[in-house]
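See structure below.
Every read-out reported here was derived from the displayed coordinates using simple, explicitly stated rules and does not represent laboratory data. Quantities reported herein were computed from a predicted structural model and do not represent experimental measurements. With ideal geometry, Cβ positions are generated from the backbone for all residues, glycine too; neighbour counts draw on all protein chains shown.
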Amino acid sequence: MPRILWVDDEIEMLQAHILFLKEKGYTVVTATNGEDAVYQVKHQTFDLVLIDEMMPGKDGLTTLNEIKDLFPYLPVIMITKNEEESLMEEAIGQRIDDYLTKPVNPSQILMACKKILDRKNIIEERRSQQYASELAQLSLSLMNPLSTREWIEIALKIFKMDMELDSILDQNFRTILYDHRRELNTEFGKFIEKNYSNWVHNENDPNRPIFSTDIFNKYIIPQLKKGKRVVFIVIDCLRLDQWLSLEPFFSEWFRIEREHYYSVLPTATPFSRNALFSGLFPEDIEKFYPELWSLNEDDESLNRYEKELLDLQLQRQGLNLGNGLKYVKIMNSDDIRRLERSLNNFLDAQLLSVVVNIVDIIAHSRSDLPILKEIVPDEAAFRSLTRSWFEHSPLLSIIRQIADTDTMIFITSDHGSVRGLRGTKVIGDRETSTNLRYKYGRSLKIDPKHAIFVKDPASWRLPKRGINTTYVFAKEDFYLVYPTNYNKYLNYYKDSFQHGGVSLEEMILPIVRMESKG
């Protein structure tokens, strides 16, 4: 039973209230003065303390302070006859958890106690009922064809449910939720396989989603043509749920508008981020700018010319910014601090583009550093680590400084990541790419239940590395492993964060517009 200490110099007048609480299942211990209350707290365990504000000798506020010094997390409700605002402010400043104004009836006392003592259990019970209903609705929604917008709404709902579970210790809910997410990703993979080819070839298709290739043309370029100064920030490998955990940091300084779009395939930096900066699908980047981007280059080289591709996209839209375009790539804390120190110089540009690679580095380092895997065992921990990094990063300070200017900020990601839990064999020749969630090469073979097979790259606006090049994209939470040393690499990459394939986590991304409230 929850144990309550009730401190009041007229406690005998409250016997009806005490009896009512006992009938509701609470154990109530009484004290008539502050000295007795502090003694009781020292020698017994309580879940809640009720304190009368006006008592002879040691008054309620003094008693409250002494109790909180002993047990900072013991909830205290102050009961007072005084309705003066200054007293209530003082009481709140003294770490009370709630207060009531006399006269109080038994029902008021009960509700105040339940709000503090039973809140967590009530919330968990209600949430479990709510989640059961919402998950059932999600499963039913899969019975009918879904639009690109409906899949975005499903992704938002599933991510928000997952984030709400961060405050609940019972992980059974999360296991159930992940099982449903796997079911949703199975159907999402079928949805992408059926429609992607048509979307990328038909820009006027009303059912086509916004793609990486559309971001500048739809959001950034119209602002530049109005003469606005814009900061465009790409946080590499930032999932939608990770952004949702960061969004509250900005609400004090910015008006925030968030929309969503689909990453192009593969959901990997050399393809999706170049699609953002160039405004072109991978096939067209290689076709029109082979000197800047070609699959014959190694992956690192493929992202060497992002500023040049962006400049070319702007020129195609009639914007020649010249020195008015600046680009910064951030790989570590030193890079961020350099940007912070010289921010005013960069904000002279009409368009400042900033690429932040920290989240992607964390995701990849997790496979190689056992201690990081202990710190980040799952998606919830990854969100928490991302939030902690951002909260203490100079990047937050930079964005706050921008709030003091008339510069508009857009924040997005190039792709998300998925936690790879199931390996599947893929067969290819020695020229096949090495990525874990997608591969391109000749003579690729894979179980079609685990991946999407693209025989004709042009049908998906993908570049051809040579004759007979094919692509495979892992679905759901599968990752691709060669037969050679299969078990070794199966175990090594199991439970790692990966990207390049087809899943809600990798493909559905935020595009956020922020304008200063000032």
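For the chain, give the share of DSSP beta bridges that are antiparallel, in percent and rounded to the nearest 5; count only bridges with both residues there.
Details: 26 of 66 bridges.
Close to 40 percent.
So I have (1) 25.0, 72; (2) 28.7, 93; (3) 27.4, 94, and one of them is Rg and Dmax of the Cα atoms in Å calculated from this model. Which one is it?
Matching the structure shown: (2).
For the modelled label position 7 Å from the Cα of Tyr489 along Cα-to-Cβ, which residues of region 360-386 have backbone nitrogen atoms closer than 13 Å?
none
Which one, Ala458, Val418, Val104, is farthest towards the positive end of the dipole of the chain when Lys and Arg carry +1 and Asp and Glu -1 on their Cβ?
With unit charges placed on the Cβ atoms, the residue in question is Ala458.
Could you give the dipole magnitude of region 295-371 about its Cα centre, charging the beta-carbon of Lys and Arg +1 and that of Asp and Glu -1, in debye to the nearest 20? Can you show the working numbers first?
Numbers: 9 positive and 13 negative charges, 73 e Å.
In total the dipole reaches around 360 debye.
Which FRET efficiency, nearest 0.05, do Ile375 and Asn105 yield, Cβ-Cβ r, R0 51 Å? Write out the running numbers ahead of the final one.
Numbers: r = 50 Å, r/R0 = 0.98.
E between Ile375 and Asn105, to the nearest 0.05, is 0.55.
Which of the residue pairs Lys373/Lys439; Lys218/Lys287; Lys194/Lys228; Lys157/Lys228; Lys194/Lys326 have a Cα-Cα distance greater than 32 Å in the structure shown?
On the way: Lys373/Lys439 25 Å; Lys218/Lys287 23 Å; Lys194/Lys228 40 Å; Lys157/Lys228 34 Å; Lys194/Lys326 39 Å.
The pairs that break the limit, which is 32 Å between Cα atoms, are Lys194/Lys228; Lys157/Lys228; Lys194/Lys326.
Does a label point 7 Å from the Cα of Glu515, set along Cα-to-beta-carbon, have any residues of region 400-421 with amide nitrogen under 17 Å, and which are they?
Taking a point 7 Å out along Cα→Cβ of Glu515, the residues of region 400-421 whose backbone N falls under 17 Å are 402-411.
Determine the relative contact order of the chain: mean sequence separation of Cα pairs under 8 Å and six or more apart, normalised by residue count, in whole percent. Before the final figure, lay out the partial values.
On the way: 846 pairs, mean separation 83.9, N = 518.
The value is 16 percent.
Testing the spin-label approximation: label points 7 Å from Cα along Cα→Cβ at Lys425 and Ser342. State their distance in nm.
Result: 5.4 nm between the two label points.
Give the range of the longest stretch in the chain that excludes all GluC sites (Glu not before Pro) found in loop regions by DSSP and having at most 10 other beta-carbon atoms within 10 Å. Before the final figure, lay out each step's value.
Working: sites that count: Glu10, Glu83, Glu84, Glu203, Glu252, Glu291, Glu300.
The reported range is 301-518.
Can you list the lysines whose alpha carbon sits under 22 Å from that of Lys102, skipping same-chain ones fewer than 8 residues off?
Lys22, Lys24, Lys58, Lys81, Lys114, Lys115
So what is the calculated 222 nm ellipticity per residue for the chain, using -39500 (n - 2.57) for each DSSP H run with n of 4 or more, over all residues, to the nearest 500 deg cm²/dmol? Before the final figure, lay out the partial values.
Details: 21 runs with 225 residues, N = 518.
Dividing the helical sum by the residues of the chain leaves -13000 deg cm²/dmol.
For Arg442 paired with Glu259, estimate the spin-label separation in nm (one decimal), with each label point 7 Å from Cα along the Cα-to-Cβ line.
So the label points at Arg442 and Glu259 sit 4.4 nm apart.
Suppose R0 equals 30 Å. What FRET efficiency, 1/(1 + (r/R0)^6) with r the Cβ-Cβ distance, do Phe249 and Gln130 give to the nearest 0.05? Let's see the in-between values first.
Numbers: r = 27 Å, r/R0 = 0.90.
The pair Phe249/Gln130 has a calculated efficiency of 0.65.
Given points 7 Å out from each Cα along the Cα-Cβ axis, report the Lys228 to Gln15 separation in nanometres with one decimal.
Taking the two extended label points, one gets 7.1 nm.
Taking 0.36 nm per residue of separation and subtracting the Cα-Cα distance, what length does fully extending Arg400 through Met331 add?
Values: separation 69, 0.36 × 69 = 24.84 nm, distance 2.05 nm.
Stretched out fully, the Arg400 to Met331 stretch lengthens by 22.8 nm.
Any idea what the dipole of the chain comes to, in debye rounded to 20, about its Cα centre with Lys/Arg Cβ at +1 and Asp/Glu Cβ at -1? Please report the intermediate quantities before stating the final value.
Working: 65 positive and 77 negative charges, 467 e Å.
Rounded to the nearest 20 debye, it is 2240 debye.
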